[in-house]
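Below you'll find the structure, written out as structure tokens, and then a few comments.
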Amino acid sequence: MINIEKIRADFPILNEQVYGHKLVYLDNAATTQKPKPVVESIVNGYYHKNANVHRGVHWLSQEATEAHEAARETVRKFINAEKTSEIIFTRGTTESLNIVAATFGELLSEGDEIIVSQMEHHSNIVPWQLVCEKKGARLVMLPIDNNGEISLETLKELINEKTRLVSIAHASNTLATVNPVKEVISIAHENGIPVMIDGAQSVPHFKVDVQELDADFLAFSGHKIYGPTGIGVLYGKEKWLDKLPPYQAGGEMIDKVTFEKTTFNVLPYKFEAGTPDFIGSTSLAAALDYMTAIGMDNVEEHERELVEYATKKLNEIEGMRIYGNAKKRSGLVSFLVSDIHPYDMGTILDKLGIAVRTGHHCAQPTMDFFGIEGTVRASFGIYNTKEEIDILVNGIARAKKLFHK
Ligand code: PLP
């Protein structure tokens, strides 16, 4: 059980008024709000611990370095990686995926294949497309069914001697599907193929253990787990990170530079060129500590209750069509009502203080599969309540009336 009043009190933004209504924030899959300890960490970082990391002999630089490296350890523990050297700080999921696509891509040859699912966010499609184009490799799509689920049997059929990597979302940002990534990894590994997990919509919502999954790579974003924007994580197994070439070049990632030859730094610094966002990393750690204190099992249970309640209530609305009906789902609902355009629905809800997302949610192939332009998406977080879902349901009823549906 979570103490919802206590949690809500940590998020001052939830008291904002929008067009005279109390804000009902249901856009957590896009980004989450920040609790006081995270904002305080950012402020205190700049007020008391601001000096460039790793290079300084002076006290302040050492303090900043210690905090930055302690944050790496917090991340390691949070996803249960074996070593801190396997934790690379990035700008977010998109950059983490791009790092692997670009560097793993260097190992590809003509005719090689990369498998991604049909429900992926564009950031787990386009980087692979670019690298496939460059290398003459082929991007292979693992299809979804009407419930928004993949088939492990189809995956087995798609894997062949040309397959080099499988990259798949742990949880879909449009359909709420929680993919059986452990089984995907096991099938891929039986064939000697590594797997990249897009954890943008899983790590914030339930316990993710990279060793238990045996994931080769995992990406997630700080801002989707109540942390700051502009910071994220790439986890990679040491054996893979050692094999991959560097991504960006510059300071921090080198060992020795001469005009004849440059040697590279050890992991994880080989992949962290330039001054890292050390205020971001320490404040991400504050967010992860916040989540750990609540308990990820409690987070999962709370959001499951919300999504079950929302699904039941929304299904009572005439003309409601929910997209994504997987057996295992995460905390969001994508829907359309009658023939009301999602933008119109989103605009009416906004006027009532309800923040939902409308459109293709950066997953146009998923929308194409269902033959729609977009959906309305309500996505839940730790501070949301059943009362807020009631407000959403009433708002939809108001919109229906307005459009005579
Ligand atoms: N992957 C998924 C499943 C997402 O939902 C998102 C963001 O919505 C991303 C990747 C990209 O995350 P970011 O924009 O934080 O890099």
Hey, what's the chain come to in accessible area per residue, 1.4 Å probe, Å²?
-> 43
Give me the Debye-computed log₁₀ of I(q)/I(0) at q = 0.10, 0.14 Å⁻¹ for the stretch 39-293, equal point scatterers on Cα only, no solvent, two decimals.
-> -0.49, -0.93
Go through 325-336, 9-20, 299-310 and give me the packing order, highest mean Cβ count within 10 Å leading.
-> 325-336, 299-310, 9-20
Amide hydrogen neighbours beyond the local backbone of residue 27, cut-off 5 Å, H modeled | 379
For residue 144, other-chain or 5+-apart residues with amide H closer than 5 Å (H placed, Pro excluded) are 118
Residue 329's amide H: which non-local residues (gap 5+, or another chain) put their own amide H closer than 5 Å, with H modeled 1.01 Å from N in plane and none for Pro or chain starts?
-> 178
DSSP-defined beta bridges in the chain - what % are antiparallel, rounded to 5 | 60
Where does helix 342-351 land angle-wise versus the long Cα axis of the chain, in degrees 0 to 90, nearest 10?
-> 80
So the FRET efficiency between residue 161 and residue 327, C-beta based with R0 = 30 Å and rounded to 0.05, is 0.40
Toward the positive end of the charge dipole of the chain, about the Cα centre and with charges on Cβ (Lys, Arg +1; Asp, Glu -1), which of 341, 94, 78 goes farthest?
-> 341
Roughly how big is the stretch 256-405's charge dipole about its Cα centre, with Cβ charges of +1 (Lys, Arg) and -1 (Asp, Glu), in debye to the nearest 20?
-> 320
Sequence order, the stretch 397-405: Karplus ³J(HN,Hα) from phi using 6.51 cos²θ - 1.76 cosθ + 1.60, θ = phi - 60°, Hz rounded, Gly and Pro as x, gives 4, 4, 4, 4, 4, 4, 9, 6, 10
Cα long-axis angle, helix 93-105 against the chain (0 to 90 degrees, to the nearest 10) | 50
Report, in debye and to the nearest 20, how large the dipole of the stretch 39-293 comes out about its Cα centre when Lys and Arg carry +1 and Asp and Glu carry -1 on their Cβ.
-> 480
Within the accessible area of the stretch 298-404, what % is carbon and sulfur when the probe is 1.4 Å and the other protein chains stay in place?
-> 49
Accessible surface, 1.4 Å probe, highest first, among residues 132, 362 | 362, 132
Per-residue ³J(HN,Hα) for the stretch 255-261, Karplus 6.51 cos²θ - 1.76 cosθ + 1.60, θ = phi - 60°, Hz, x for Gly and Pro | 9, 9, 10, 10, 5, 7, 7
Do you know the relative contact order of the stretch 39-293, to the nearest whole percent, from alpha carbon pairs under 8 angstrom that are 6+ apart?
-> 25
Gain on full stretching of the segment that runs from residue 146 to residue 341 - 0.36 nm per residue minus C-alpha separation = 68.1 nm
Got a sec to turn the phi values of the stretch 291-307 into Karplus ³J(HN,Hα) couplings, 6.51 cos²θ - 1.76 cosθ + 1.60 with θ = phi - 60°, whole Hz, x for Gly and Pro?
-> 5, 5, 5, 6, x, 5, 5, 5, 4, 4, 5, 4, 6, 5, 4, 5, 6
Under a 10 Å cutoff between Cα atoms, tell me which one of 179, 50, 384 has the largest fluctuation in the Gaussian network model of the chain.
-> 50
Modelled label-to-label distance, residue 263 and residue 60, 7 Å Cα→beta-carbon offset: nm?
-> 3.4
For residue 238 and residue 1 in the same chain, what is the full-extension length gain: residue separation times 0.36 nm, less their Cα-Cα distance, in nm?
-> 81.6 nm
Relative intensity, log₁₀ I(q)/I(0), of the stretch 243-398 from a Debye sum that treats every alpha carbon as a point, q = 0.15 Å⁻¹ = -0.87
Percent accessible area from carbon and sulfur atoms, the stretch 39-293, protein chains only, probe 1.4 Å | 51
Against the rule of thumb 2.2 N^0.38 Å, how large the Cα Rg of the stretch 25-142 comes out = 1.42
Counting pairs of alpha carbon atoms under 8 Å apart in space and at least six apart in sequence, what relative contact order in percent does the stretch 328-385 give?
-> 44
Relative to the chain, whose Cα atoms define the longest principal axis, helix 59-79 and its Cα axis are tilted in degrees, nearest 10, by 60
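The values are calculated or read from the model by the stated rules, or taken from the named source; none is laboratory data. Here the structure is a predicted model, which is why all the values come from computation and not from measurement. Cβ coordinates were reconstructed from backbone atoms using ideal geometry, including for glycine residues, and neighbour counts include every protein chain displayed. Accessible surface is based on the protein model in full, side chains and every heavy atom, while ligands, DNA and RNA are left aside. Shrake-Rupley method; radii C 1.70, N 1.55, O 1.52, S 1.80 Å.
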